[in-house]
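> Have a look at the structure that comes next, please.
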Amino acid sequence: MEPSIPTSFIPKRPIDPGTDTAPTRSRSVGLLSLITFVIVVGTGVAFAGVYLYERQLLSQKAKLVQSIGEARDGIGTEFVSDMKRLDARISGVKELINNHIVVTPIFEALQATTLRSIQYKEFGYMIKTDQITKTNSLVVELAGSAKNYASIALQSDAFSSNKLIKNPVFSNLTVDDKTRNINFKLSFSVDMADLSYQAFIDSKANNPQP
């Protein structure tokens, strides 16, 4: 009698439902570990970058502080010396301009006030100090001639209308034997302030010539 072959197989042990999901769990755990590793590495790289950048900023700050110190030292020595020399030169130029006088206003005043009957032959000036007021003034001395004594009187009146000419005095009146004109000497004073170069420049600026 031939052995009988079973037509169906029924397992005696139940099939474990968890055996099919094990590879999925393994892949999930591996992906999570990879992500965590990337985050950790990225954080480390970022921290290192921030640290290096901070060191670079500190180095730049140190160089800037050093440059400022060097500039301050330069300003405190050579730069200040140069500025002092420049200031001394400027002060010297200002003093020179303040003390410098021009006689052009005197000639302009004589031209504006002199009568046609008066002629000047000599011109000179000197600076004198008033012993009482201790102020300097410029004294002008001229020599000339007039047609007659009346011309001299009229000329003295004409000088009084000019603010620049002060205390005009005619002296040494003599008659010329050849021309019969009256020779004279004339002196008057002018304030130094009216003859300063700065005042002359200011007057020209305020009254430009057409």
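> Can you tell me which of Tyr125, Tyr120 is of a type in the set (Phe, Trp, Tyr), in contact (Cβ under 8 Å) with a residue 12 or more places away in the chain, crowded, with 16+ Cβ neighbours inside 10 Å and touching a strand residue (DSSP E or B) at 6+ places or on another chain (Cβ under 8 Å)?
Being of a type in the set (Phe, Trp, Tyr), in contact (Cβ under 8 Å) with a residue 12 or more places away in the chain, crowded, with 16+ Cβ neighbours inside 10 Å and touching a strand residue (DSSP E or B) at 6+ places or on another chain (Cβ under 8 Å) holds for just one of Tyr125, Tyr120, which is Tyr125.
> Considering only residues that are modelled with pLDDT of 70 or more and aromatic (Phe, Trp, Tyr), which ones fall in segment 65-118?
Result: Phe107, single match.
> Next question. Can you spot a residue in segment 88-103 that is among the small types (Gly, Ala, Ser) and closer than 19 Å to Asn167 by Cβ?
No.
> Is one or more of the residues making up segment 133-141 among the aliphatic types (A, V, I, L, M) and farther than 15 Å from Leu195 by Cβ?
no
> In the list Ser145, Ser117, Ser156, Ser187, which residue meets the criterion of being in contact with a Pro (Cβ under 7 Å, 6 or more places away or on another chain), farther than 29 Å from Lys94 by Cβ and of a type outside the set (A, V, I, L, M, F, W, C)?
None of the other options fit; the residue is Ser156.
> Considering only segment 154-180, state which residues are in contact with a strand residue (DSSP E or B) (Cβ under 7 Å, 6 or more places away or on another chain) and without any contact (Cβ under 8 Å) to a residue 40 or more places away in the chain.
Residues satisfying the conditions are Ser156, Lys166, Asn167, Pro168, Val169, Phe170, Ser171, Asn172, Leu173, Thr174, Val175, Asp176.
The values are calculated or read from the model by the stated rules, or taken from the named source; none is laboratory data. Bear in mind that the values here come from a model prediction, so they are computed numbers and not experimental data. In this analysis, Cβ positions are derived from the backbone assuming ideal geometry, glycine residues included, and neighbour counts consider all displayed protein chains.
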